[in-house]
Amino acid sequence: MMNGAKAPRKALIVWGGWDGHQPKEVAHIFETQLLAEGYEVNVSDSLEAFADGEKLKELDLIVPVWTMGRIEQAWVNNVSAAVQSGVGLAGCHGGMCDAFRDNTDWQFMTGGQWIAHPGNDGTEYTVEVKHSSSPLVAGIQDFTVTTEQYYLHVDPANEVLATTRFPIVPGPHSTNKAVDMPVIWTKRWGHGRVYYNSLGHQANIMEIPVVQELMRRGFNWCAEGKTLAPIEEVQQAYTGMADNQL
């Protein structure tokens, strides 16, 4: 490193799972974004990228783009320990919060799990930005999208940055009162920062400028957390529940 230049941040993108979410194409969009931000990016199409726990801790950011998969518990533990140590975790749509339906440890870490999208693809709805002290949504106004509207089970500890109003499409859920479902949230996992955006059914949604800007901010915010994390290791990192998987 010449003239004391700062080392680039390191990011890992892991894509795969259900092809309907176009994981390869979405991963490429994210890779392009991160390279433009000066990251050193490694892209893998195998969950074995999570097999080396110590290597994961050397990263600044982990970006999962994997829907409806099954994963070794040891690999979930590796990601969890890395995030607890300060590595950021950021993703979107089913690629992060419908990644491993039978692993509650993953869901606890990410802050939520998809359960439905009434109306399916092609539903038009508004994303309502919750303006607060968070720089992640500063200057961004409410916007409308036409895509899947995600209904999720969410962690009440999440800091919600944007929501969408249900119901839009009639169904058994619409006999309940109207609810504001989180679309974007952040949370902490040990010393690490977690960012999620439920948009991103396919690559064209991730190409919308406001969505790209939201993801860019989320990636950088998560990675910045690594520099603020204490140098010492988390003592006895949480390794999950013994009964979290079938």
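Figures for the structure shown
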quantity: Per-region count, the range 87-111, residues assigned to a helix (DSSP H, G or I) and either open to solvent by less than 10 Å² (accessible area, probe 1.4 Å) or over 19 Å from Val160 (Cα atoms) (or both); calculated: 10
quantity: So Gln84, is it closer than 25 Å to Tyr238 by Cα, touching a residue at least 40 places away in the same chain (Cβ under 8 Å), open to solvent by less than 50 Å² (accessible area, probe 1.4 Å) and polar (S, T, N, Q); calculated: yes
quantity: One residue from Ile62, Ile71 being within 26 Å of Gly20 (Cα to Cα), among the aliphatic types (A, V, I, L, M), open to solvent by 10 Å² or more (accessible area, probe 1.4 Å) and not in a helix (DSSP H, G or I); calculated: Ile71
quantity: Residue satisfying all of: in the range 187-234; assigned to a strand (DSSP E or B) and in contact (Cβ under 8 Å) with a residue 60 or more places away in the chain; surrounded by the fewest Cβ atoms within 10 Å (Cβ to Cβ) among these; calculated: Lys187
quantity: Of residues in the range 141-156 being assigned to a loop (DSSP other than H, G, I, E, B) and over 27 Å from Met109 (Cα atoms), the one least open to solvent (accessible area, probe 1.4 Å); calculated: Asp142
quantity: Count of residues meeting criterion [out of contact with any Gly (no Cβ under 6 Å at 6 or more places or on another chain), within 21 Å of Trp66 (Cα to Cα) and part of a helix (DSSP H, G or I)] in the range 3-22; calculated: 2
quantity: Test: residue in the range 41-49 that is touching a residue at least 12 places away in the same chain (Cβ under 8 Å) and either open to solvent by less than 10 Å² (accessible area, probe 1.4 Å) or at positive phi (or both); calculated: no
quantity: From the options Gly38, Gly53, Gly17, residue that is more than 17 Å from the chain's Cα centre (by Cα) and open to solvent by 20 Å² or more (accessible area, probe 1.4 Å); calculated: Gly38
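The values are calculated or read from the model by the stated rules, or taken from the named source; none is laboratory data. Quantities reported herein were computed from a predicted structural model and do not represent experimental measurements. So basically every Cβ, Gly included, is an ideal-geometry build from the backbone, and we count neighbours across all protein chains shown. Areas reflect the complete protein model, heavy atoms only, side chains present, ligands, DNA and RNA absent. Shrake-Rupley method; radii C 1.70, N 1.55, O 1.52, S 1.80 Å.
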